[in-house]
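In what follows, a structure is listed as structure tokens, so that the remarks can point back to it.
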Amino acid sequence: MKWYQKLHWKIIIGMILGLLWGVLSVGMGWQEFTLNWISPWGKIFINMLKLIAVPLVLTSLVVGVASLSDIKKLSRMGGKTIAIYMGTTAVAVTIGLLAVNLLKPGESIPKDLTDKLQKSYQAKVQDKESNAKKATKDRGPLQPIVDMVPQNIVEASANNRNMLQVVIVAILFGIALIQIENSKSEQLVSILDNANEVVLKVVDMAMLLAPFGVFSLLANTIVSVAGDDLSSITELISALGFYCFVVVLALFLHAGLTFSLMIKFLTPMKLKTFFKGIGPAQLVAFSTSSSGATLPVTMERCEKNLGVEEEVTSFVLPLGSTINMDGTALYQAVAAVFIAQATGISLTFGDQLTIIFTAVLASVGTVGVPGAGIIMLLIVLEAIGVPSAGIALILGVDRILDMLRTTVNVTGDAAVSVVIANQEGQLGEPHVSDADEPHFVMSREEKPNV
Ligand code: ASP
């Protein structure tokens, strides 16, 4: 197979062409054409991924839980998963804090620029503030646990934003299936298993659209961020370039060190195999800025390419897409300290510890959709007494950083799934080379025994 026929190269080419098209559209005044005729394809791609997410989690997790003969195994795996998720997120925040405290990007921002940025983003900040207030209004300490249990299964699945509720429903259903007579549960499990195969084929179909999807998503991002004038992007980047650099550096350090060390020392998998296998999911995460929308791709890549058994992916990955956001937590730590530095507020060691604690919790509460991280950042700012209006400073470059932090979020979920699979004896042989293409291309005649 030639290199450009491989899926991840097709996606990379789609991304590059999308960026170029976005820049060309702004330069030539074609924004309207791009928004009307190009952007909808990206929306279709994201819709398809979201469409698959709930059926995929429901079918695979119910079957996964039902096939566990003992519930102890489930609670052991659950405890381990949550502990590793929290641990890696705390490491991510610490890396972010070290980078921002050592490099001090906030101190290089001139006062007149902070005033200008604050003025131009004031209205948007108020919007975010009211969203954050809505999210935290009247919430007692146990509200996150209350939110996990849905009162209506259809409503839980209808609202793609709350995958945790779907996970809870699937686990309850699976446990109940173990407890009824085998003769009764067998048929239902086999139907769900078959339904799961069908859903995976739909993932393949969505992936055929991926190169076009990312093309249009990136073109759309450039057009919407730049508006009529490309210089607004370049101006922002040159002003906030150092801050972006610190976020990106810390994200790379976390992905390159923490995840790599985890894979190297806690699993027998080669690093190259891991990153090659998860590559297309990273590219989709980068283009969609949504770990929720990327979930079907992450699950498929981990199962088919990295050899993680469905029993693990179906549990660890949906949970990770909602509670494990290393990139987001790291970004929140850097952003909070950056705003404090730029506005001349000095932070104590205790404040830095508060940042670690609140950023880990805020990232758990962040839903896997674009821009959610900056809303939860307000909680971190409040905890350390930095004025929330300060997010005006960083709003302009948030979209770009969102793409990168989402990529790290998804990579973290995948790395933890490989570690858990290895510990549970559920890690098979990876198949990176032959499974690089969507399996959809296999026709009925090629399949054995159909
Ligand atoms: N977009 C991120 C995600 O979906 C969340 C965020 O940091 O805004 O993982």
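The values are calculated or read from the model by the stated rules, or taken from the named source; none is laboratory data. In this text, all values refer to a predicted model and were calculated from it rather than measured experimentally. Cβ sites come from the backbone with ideal geometry, for glycine too, and all protein chains shown count toward neighbours. Keep in mind that these areas ignore ligands, DNA and RNA; they rest on the heavy atoms of the full protein, side chains included. Shrake-Rupley method; radii C 1.70, N 1.55, O 1.52, S 1.80 Å.
Can you find a residue that is closer than 19 Å to Ser287 by Cα and more than 9 Å from the ligand (Cβ to nearest atom) anywhere in the stretch 326-336?
Within the stretch 326-336, one or more residues are closer than 19 Å to Ser287 by Cα and more than 9 Å from the ligand (Cβ to nearest atom).
Give me the pairs, please: first residue somewhere in the stretch 291-308 and free of Cβ contacts under 8 Å to residues at least 40 places away in the same chain, second residue anywhere and surrounded by fewer than 24 Cβ atoms within 10 Å (Cβ to Cβ), beta-carbon distance under 9 Å, and either six or more positions apart or on two chains.
Glu303/Leu200; Glu303/Glu309; Glu303/Glu310
Do we have any residue at all in the stretch 224-245 that's farther than 30 Å from Ala333 by Cβ and crowded, with 21+ Cβ neighbours inside 10 Å?
No; the residues of the stretch 224-245 include none that is farther than 30 Å from Ala333 by Cβ and crowded, with 21+ Cβ neighbours inside 10 Å.
Scan the stretch 348-366 for residues that are hydrophobic (A, V, I, L, M, F, W, C), away from the ligand (no atom under 14 Å from the Cβ) and either closer than 16 Å to Arg405 by Cβ or open to solvent by less than 30 Å² (accessible area, probe 1.4 Å) (or both) and jot them down.
Selection gives Ile355 alone.
What are the residues in the stretch 302-323 that are in a helix (DSSP H, G or I) and open to solvent by 10 Å² or more (accessible area, probe 1.4 Å), if any?
Correct list: Glu303, Lys304, Glu310, Glu311, Phe315, Leu319, Thr322, Ile323.
If you check Ala340, Ala329, which single one turns out to be under 30 Å from Leu103 (Cα atoms) and either surrounded by fewer than 24 Cβ atoms within 10 Å (Cβ to Cβ) or within 10 Å of the chain's Cα centre (by Cα) (or both)?
On inspection, the qualifying residue turns out to be Ala340.
Please enumerate the residues belonging to the stretch 375-393 that are at pLDDT below 90 and within 16 Å of the ligand (Cβ to nearest atom).
Listed by number, the residues that qualify are Ile375, Met376, Leu378, Ile379, Ile391.
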